[in-house]
Every structure is written in C-alpha cells, then in structure tokens.
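Since every read-out is calculated from the coordinates, none of them should be taken as a lab result. Just so we're clear, the structure is a prediction, and the values are computed from it rather than from any experiment. Because the Cβ atoms are built from the backbone with ideal geometry, glycine has one as well, and the counts that use them run over all protein chains shown.
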Amino acid sequence: MHCRQSTPFIFVIFFLLSLLLLTACSSSEPDTHYSRLPSLPSLDHPRVTVSGFSSGGYLANQLHLAYPELIEGAAIFSAGPWGCAMKGLSHALMSCMQTQFPIASLDERMAMLHRASRKRLIGDPALLVDDPVYIFYGQKDQVVKPEITESLIGFYQKLVASYNIRITGLPQAGHAFPTLLTNTECGVEDGNHLQNCHFDGAGEALRVLYGKLNAPSNQPEGDMIEFGQSDFYEGKGMLDRGYLYLPQACKSGEEECQLHVVLHGCSQSAEVIGNSFFQHSGFNRWADTNRIVLLYPQAKKSLPNPQGCWDWWGYEKDRFYTRDNQQLKAIVGMIQQLKPQTELHSRS
C-alpha cells in the first residue's frame, strides 16, 4: 500500500526536476536576437546575380528562372536543370542526381517551362537571353553525375545566347566546390565539400557574371554581418540567421556596388560546418577588391531535410520550382531589403 502511494509522488518529483533541468538548459542557450539586414545606399542600382553549389545550384537555377526581372546572371556548380524533380523524391535521387531513371527530355522541360511562364508561376524566359551563365561540373562527380549537369547546359543553351555561356568540366574533380583555399586534394571527399583542383571557382564565376575584375585580396577586410532570417521566412527550411559580406568600399554609399547571392550546398550551412563555406569558398577575397556585396542565405536541417539542403525537390512546397517556393520568396525579400528601391521592375 505504501509503495503504491509513493509512486505518483516520485513521478511528480522527477517531473519537477526535469522542468528545472530544462529551464537551466534553456537559460544557457545563445541569444537568438540577430541584427536586422541593413539597407545599403551603395546598392542603389546593382547588378544582382546568384551562384550555388549542388542543392544551392538547383535553387540558383530556380531563382534565376522564377525572377529573371531581378536576377541578371547565374553561376551553377554541380547541379541539374530546372524542374528536374517534379515527379518527386525518387526522381530527384534517380534521375536528377544519378542516371537510373531517364531524365525528362529537353523538349519536355522547355514545354513545362513555357507553361509555367504563361501561368505566371515563373518569370518571362525571354529576359534570360542576354544573361551571363557559368556552369561547373566535375567529371568524376559520383553524387550528381556529369550527365545531369550536361543536361543543365543543354537547357541553358535553349534560353541564353551562346556567347554568354561559359562551362568548366574538370577531369579529376568530384562533388565539391572548387577553391584554392583548402588543402583537400581534387576529387577527394571532404566534410566541408570543398576541393583544391588548382582552380578558383568563385573567381571564374564572378568574372563571367561581372566581366573583368581586379585581383583578389589575400586578406579580405570587409565585415561579415550575421543577420536574422526570420524577418523573411516563417517555415522550417531556413536557419534563424544568415550572413552578409560587406566590403569596406560598400559601407558609405559613396561608391556603387554590385550584389551577388551565394547558395551553399547540402551539409554546408553554418548550422553544419560553421563559417567554413563562406570563409573558404573564395568569394570574399574577390568581393573585397571589386565592390561586390555578398549575401549568404542559410538553409536548415529538418526531419524531411536532414542534410540542410535547399528545396529543389518539394520537401516544403509541391510547386518548389515556382515563385511559390518559400525560400525563393525569402531570398528575394532579402535582396529587396538590401536595395533602397524595393519594388521589382522588369528589365528592358
């Protein structure tokens, strides 16, 4: 009898101790009140471009096509063509990364693209014709097969003037971002998904997107600003914080600067590898000497997205490939916040 009466009491004590422990743990959590993303007078009329690696490459392609009135060029590393995963996750894995399932034909994808444009789910593809496009792939990539990226090349060749497309296919490169700022050898797997193939991917991308550049800085002196992403996004697919690299020359507004959006790949966000991607990909050193502001949005891990990839197969929205993609809306909101003139205007 005594034992039966004491059991609930012991449970209550255990429950109260658990609450105290949780309270103590929560009080030691880091402050999540981040700075607001600033508005920059130096970005009065910037050329806005985007680049991305792997899942970030897919999202860069989606952003370029969804908002061509805003995005004026794209650099895509190790990714496939727009809308590839419309049939779901199995096709994302088997026909958009590997080649077990046949990928939709170029004619089929162009028809889907124009249907989406007529329904105003994306922008007008005619706006892309004069945009610079850079595409990189490793010919030993076992994650996103070279044939998949070659399909992306064919896709852009239908949309962009041939003289505006630049392509690099490195024979020894695997599935990693090519940078000079890592000791990981070309083609070797690395937790940060960076590789040194004696090739500067960031520099080549920015040269294609912006033309002739000044030599990069060996010691970038700009500010890396951590800002809150919750002002732009309410779902589970983006981290509570993003990052902005602001060169010294772009602080005052006395000089005109450009804006480039950099999208990390799966398992490359600050949540997973800290500052490794945006410190070692190489973009900052070029931005520093060429008046380019860099926006580094951050994806978040979740149950349907355990590696913190960007949504290119529909884990949050069925129409992930359109303007309905919440991550695209968030990134556009960030761009509009950075630019003093916040409305979208069609390009002539």
- The ³J(HN,Hα) series, computed from each phi in segment 128-135 with the Karplus coefficients 6.51, -1.76 and 1.60 at θ = phi - 60°, rounded to the nearest Hz and given as x for glycine or proline, is 7, 4, 9, 7, x, 9, 10, 10
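Dividing the alpha-carbon Rg of segment 47-98 by 2.2 N^0.38 Å yields what? Could you put the intermediate results ahead of the total?
On the way: Rg = 11.5 Å, N = 52, 2.2 N^0.38 = 9.9 Å.
Relative to the rule-of-thumb radius for its length, segment 47-98 sits at 1.16.
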- Note on the structure: In terms of the alpha carbon gyration tensor, root eigenvalues a ≥ b ≥ c, rounded if a/c is under 1.5 and otherwise prolate when a/b exceeds b/c or oblate, segment 113-178 is prolate
- Message: Once you place label points 7 Å from the Cα toward the Cβ at Asp223 and Arg118, how far apart are they in nm?
- Response: 5.0 nm
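Which length gain, in nm to one decimal place, applies between Gln100 and Ser35 when the Cα-Cα distance is subtracted from 0.36 nm times their residue separation?
So the chain would gain 18.8 nm between Gln100 and Ser35.
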- Which lysines, on any chain, are close to Lys236 with Cα under 17 Å apart, when same-chain ones fewer than 8 places away are left out? Lys300, Lys301, Lys317, Lys329
- Query: By how many nm would the segment from Asp107 to Glu255 lengthen if fully extended, with 0.36 nm per residue of separation less the alpha-carbon distance?
  - Reply: 48.8 nm
- Query: Hey, if you drop one equal point scatterer on each alpha-carbon of segment 180-230 and run the Debye formula without solvent, what base-10 log of I(q)/I(0) do you get at q = 0.14 Å⁻¹?
  - Reply: -0.57
- Most fluctuating residue given options Ala116, Ala74, Ala85, as computed from a GNM of the chain linking Cα atoms under 10 Å: Ala116
- Item | Sequence-distant residues sharing a close amide H with Ala299 (under 5 Å, placed H) | Leu239
- Could you pull out every residue, at least 5 positions away or on a different chain, whose amide H is within less than 5 Å of the one on Gln258? Hs are placed 1.01 Å off N in the peptide plane, and Pro or chain starts have none. Ile292, Val293
- Task: Evaluate the Debye formula for the chain with equal point scatterers sitting on the alpha carbons, no solvent, and hand back log10 of I(q)/I(0) at q = 0.06, 0.08, 0.13 Å⁻¹, in q order, two decimals.
- Result: -0.23, -0.39, -0.95
- Item | Relative exposure of Ser276, Ser55, Ser230, judged by other C-beta atoms within 10 Å (fewest first) | Ser230, Ser276, Ser55
- Task: Select from the chain the helices, each a whole stretch of DSSP H, whose alpha-carbon atoms run 27 Å or more along the helix axis and whose Kyte-Doolittle mean is at least -1.0; answer none if there are none.
- Result: 2-27
